[in-house]
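Data block below; observations after.
The values are calculated or read from the model by the stated rules, or taken from the named source; none is laboratory data. Since we're looking at a predicted model, the values are computed, not measured. So basically every Cβ, Gly included, is an ideal-geometry build from the backbone, and we count neighbours across all protein chains shown. Each accessible area value is taken on the protein alone, full model and side chains, heavy atoms only, with ligands, DNA and RNA left out. Shrake-Rupley method; radii C 1.70, N 1.55, O 1.52, S 1.80 Å.
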Amino acid sequence: MKLFASLTSPYARKIRIILAEKSLPYELIVDSPWEANTRIPDVNPLGKVPALETDDGEVFFDSPVIAGYLEIIAGAPKLLPADPLEALRVRQIEALADGVTDAAVLALLESRRPEGLRSEPEIDRQIDKVDRALDALETRASGRDWMYGNAISLGDIAVAVALGYLDLRFPQHEWRREHPSLAALARRMFARPSFTTTKPPVG
């Protein structure tokens with residue numbers, strides 16, 4: 001398999017972590033949609049990473065879709081419950097965590113616009129989304145070792161990736177102070193080899 005990914009993309013990092021957790025071999029093709037000579041539109045018409053090319057040449061894109069594909073083809077550890085409704089509940093956690101990442105990315109892009117074009121209210125609006133979602137995730141994580149069930153799941157990975165992205169792009173955001181259960185989850189997840197080996201470069 002070939003994974004087209006930027007080293008700083010949280011969505012691509014989620015897939016790299018899943019591949020590591022499942023011990024699946026793949027070729028990492030580092031590419032950024034922001035570069036003039038990017039190849040990403042050739043594999044994903046939306047021009048986004050990650051994109052995964054299978055051994056058969058089929059391409060899947062969008063991290064939840066790729067995560068679903070990897071769950072189908074790979075064995076342990078199973079990151080989604082076998083029961084469809086329980087799996088949907090884990091997917092809901094993933095969606096909430098991805099929403100944190102989505103809002104953080106939009107806030108970052110807005111903050112990088114030139115003076116005069118930048119909208120501070122829009123940045124605040126996106127950070128408000130982050131905070132509301134973190135509050136909801138904190139409620140789900142309270143009193144638990146894992147976000148759902150008794151073992152690592154796709155929900156744990158997605159949540160920890162979102163928290164890691166906040167640390168990378170918004171180090172001034174003190175999310176740990178009001179979210180102790182998420183902070184404890186992050187400590188455990190960040191120590192896993194799948195996270196330490198995919199830690200994004202600063203910049």
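Non-local lysine pairs in the chain, meaning eight or more places apart or on different chains, with alpha-carbon distances under 20 Å, amount to 11.
Compute the FRET efficiency between D135 and R113 as 1/(1 + (r/R0)^6), taking r as their Cβ-Cβ distance and R0 = 41 Å, and round to the nearest 0.05.
0.90
Computed over protein heavy atoms with a 1.4 Å probe, the accessible surface of the chain works out to 52 Å² per residue. If I compute solvent accessible area with a 1.4 Å probe over the protein chains, what percent of it on the chain is carbon and sulfur? For the chain, the apolar C and S fraction of the accessible surface comes to 54 percent.
With a Förster radius of 45 Å applied to the beta-carbon distance between K78 and A36, the computed FRET efficiency rounds to 0.65. Available extension along the chain between A184 and Q172 is 2.4 nm, counting 0.36 nm per residue and deducting the alpha carbon span.
Computed packing ranks the peptides 55-63, 96-104, 158-166 as 158-166, 96-104, 55-63, most packed first, by mean other Cβ atoms within 10 Å. Assuming charge only on the beta carbon of Lys and Arg (+1) and of Asp and Glu (-1), the dipole of region 91-184 about its Cα centre is about 120 debye to the nearest 20.
To the nearest 0.05, how large is the calculated FRET efficiency for Q92 and I29 if R₀ is 30 Å and r is the Cβ-Cβ distance? Don't jump to the answer; show the numbers that get you there.
Details: r = 31 Å, r/R0 = 1.04.
Taking R0 as 30 Å, the efficiency between Q92 and I29 is 0.45.
Per the Debye formula with a single identical scatterer at each Cα and no solvent contribution, what log10 I(q)/I(0) holds for region 147-200 at q = 0.13, 0.27 Å⁻¹? For region 147-200 at q = 0.13, 0.27 Å⁻¹, log10 I(q)/I(0) is -0.30, -1.21.
What base-10 log of the normalised intensity I(q)/I(0) is obtained for the chain from the Debye formula, alpha carbons as equal point scatterers, at q = 0.09, 0.15, 0.18 Å⁻¹? Each listed q corresponds, in turn, to -0.34, -0.95, -1.34.
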